[in-house]
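Working notes, beginning with the structure itself.
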Amino acid sequence: MPEPHFTERHTRTVQAPIDLVWAAATALTPGEIRVAGPLMALRSLPRVLKERRLPGRGPDCASFLEVFEREGFIELSRDSVVQDGRASVVYGGAGRFWSPSDNSPLPLADPAAFEAHSGPGTVKVAFSLEVSAVGGATQVTTETRIAGTDHRARRVFGRYWLIIRGPSGLIRRSWLAAIDRRARKGTDRPTP
């Protein structure tokens, strides 16, 4: 998404080898991200109340990235291993994320469908997680880019962005801190 209307980027340097950090980043579970649970529960509350049932949950060992897939985001690209001192994964989705009860991503079959999406009144969201070797440490970066498909979607999402940008940034900083904790412990299992 070369020309987003809204962006958010957070970076953290982890004092651990890149292979260990990449393994931690891709295996991290939602339970390890301290603020994610309460803030995501708050976001899904209107949908839960409307449907009068709790959303389906997968196994507790699912990674944070797998949870995004379950929610309807699609993997746009992923490096399976660290190569030339870097690795990344990118997810995307489109929808009316500002809607209190209809904020799930629209069904998109694959990366080509994401790229081609231009449905009116929606935004496209792409987010990445990247690790890069920096000396003896690893820089971890998460970036989110959002583009409206039309003027109305940009305007409506802009109001929503004013409300959620702070909590969104808090989740991302907590996500990076959890990756740091897991990598420095040198384990691929969740930390309590």
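A few points about this structure:
- The condition (being in contact with a Lys or Arg (Cβ under 9 Å, 6 or more places away or on another chain), of a type in the set (S, T, N, Q) and closer than 13 Å to residue 92 by Cβ) is satisfied by just one residue among 104, 174, 128, 132: 128.
- Against the numbered list (1) part of a helix (DSSP H, G or I); (2) over 19 Å from the mean Cα position of the chain (by Cα); (3) over 24 Å from residue 34 (Cβ atoms), residue 157 comes up short only at (2).
Okay, residues lined up against (1) surrounded by 14 or more Cβ atoms within 10 Å (Cβ to Cβ); (2) hydrophobic (A, V, I, L, M, F, W, C); (3) out of contact with any His (no Cβ under 9 Å at 6 or more places or on another chain); (4) on the phi > 0 side of the Ramachandran plot:
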site	(1), (2), (3), (4)
81	no, yes, yes, no
85	no, no, yes, yes
91	yes, no, yes, no
96	yes, no, yes, no
118	no, no, yes, no
128	yes, no, yes, no
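- Cross-chain or 6+ apart pairs with Cβ under 6 Å, the stretch 21-35 first and in a helix (DSSP H, G or I), then crowded, with 20+ Cβ neighbours inside 10 Å and among the charged types (D, E, K, R): 24/182
- Residue list for the stretch 91-142, restricted to those being farther than 22 Å from residue 64 by Cα and either of a type in the set (Asp, Glu) or assigned to a strand (DSSP E or B) (or both): 115, 123, 133, 134, 137
Laboratory data are not the source of any read-out in this text; all were calculated from the coordinates shown. None of these values were measured; they are calculated from a predicted model. Every residue, glycine among them, receives a Cβ derived from its backbone with ideal geometry; neighbour counts consider all protein chains shown.
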